[in-house]
Amino acid sequence: AQSVAQPEDQVNVAEGNPLTVKCTYSVSGNPYLFWYVQYPNRGLQFLLKYITGDNLVKGSYGFEAEFNKSQTSFHLKKPSALVSDSALYFCAAAFSNTGKLIFGQGTTLQVKP
Amino acid sequence: DTGVSQDPRHKITKRGQNVTFRCDPISEHNRLYWYRQTLGQGPEFLTYFQNEAQLEKSRLLSDRFSAERPKGSFSTLEIQRTEQGDSAMYLCASSLGGGGAFYEQYFGPGTRLTVT
């Protein structure tokens, strides 16, 4: 079955330090990969996507993600974390022409001052 | 604000009652999706429309659930004879789509349903 996994329920990082939120996928064929962020009482906000091309994709708010086909991973990264980055992050994949998304279970990012 | 709106934002209902939610997508988006999110989990796909046609339904969508998008614009999701297990956040998203291209989905704020 197609699936997306986020192995860490929570990631803690100090403000100013680099952050990584991990995502792996299991799929046959080429996936299309997305990262979304969810703030309390807010809807999911799109951060970035990988469709094809350069394995390093850049997105909103200074976030970037690296697609690694051999490791079936799509980790979210930011060189310098901000306290305001604290939120719930979801990795998602679309596997068919429908565009429907399969989400990971989410990772809570806590950035401490 | 992503431009996708949902109404109501919160709904409390008693078991056995029917409820209906509305989603207004971004106007130029031809695709509309419904997802359900329970606490501590990622959203799960329920169904999607391309224009007014409902093209796919998840096995999660029991016979008590029905969705429509009558004119290819707004959509409604109805749950009949609600059960406590239906308590969740119902998310709507819209996107461009078709022609083999992949576009990001923009999500509304969700409707939180509580069945008592």
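The values are calculated or read from the model by the stated rules, or taken from the named source; none is laboratory data. All figures in this text were calculated on a predicted structure; none of them were measured in a lab. Neighbour counts are summed over all protein chains in view; Cβ atoms, including those assigned to glycine, are modelled from backbone coordinates with ideal geometry.
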How many residues are within 14 Å of chain B (Cβ to nearest Cβ) and either within 17 Å of A:Asn30 (Cα to Cα) or in contact with a helix residue (DSSP H, G or I) (Cβ under 8 Å, 6 or more places away or on another chain) (or both) if we restrict to segment A:47-64?
-> 8
Count of residues meeting criterion [within 14 Å of chain A (Cβ to nearest Cβ), part of a loop (DSSP other than H, G, I, E, B) and either within 17 Å of B:Thr47 (Cα to Cα) or under 13 Å from the mean Cα position of the chain (by Cα) (or both)] in segment B:61-101 = 3
Looking at (1) within 19 Å of A:Leu101 (Cα to Cα); (2) away from chain A (no Cβ under 14 Å); (3) of a type in the set (A, V, I, L, M), which is the only condition B:Ile12 fails?
-> (1)
What are the residues in segment A:74-111 that are surrounded by fewer than 20 Cβ atoms within 10 Å (Cβ to Cβ), farther than 24 Å from B:Leu39 by Cα, over 10 Å from the mean Cα position of the chain (by Cα) and at pLDDT 95 or above, if any?
-> A:Pro79, A:Ser80, A:Leu82
What number of residues in segment A:27-52 are among the hydroxyl-bearing types (Ser, Thr, Tyr) and surrounded by 13 or more Cβ atoms within 10 Å (Cβ to Cβ)?
-> 3
Quick one: would you say A:Asn41 is at positive phi and either in a loop (DSSP other than H, G, I, E, B) or at pLDDT below 95 (or both)?
-> yes
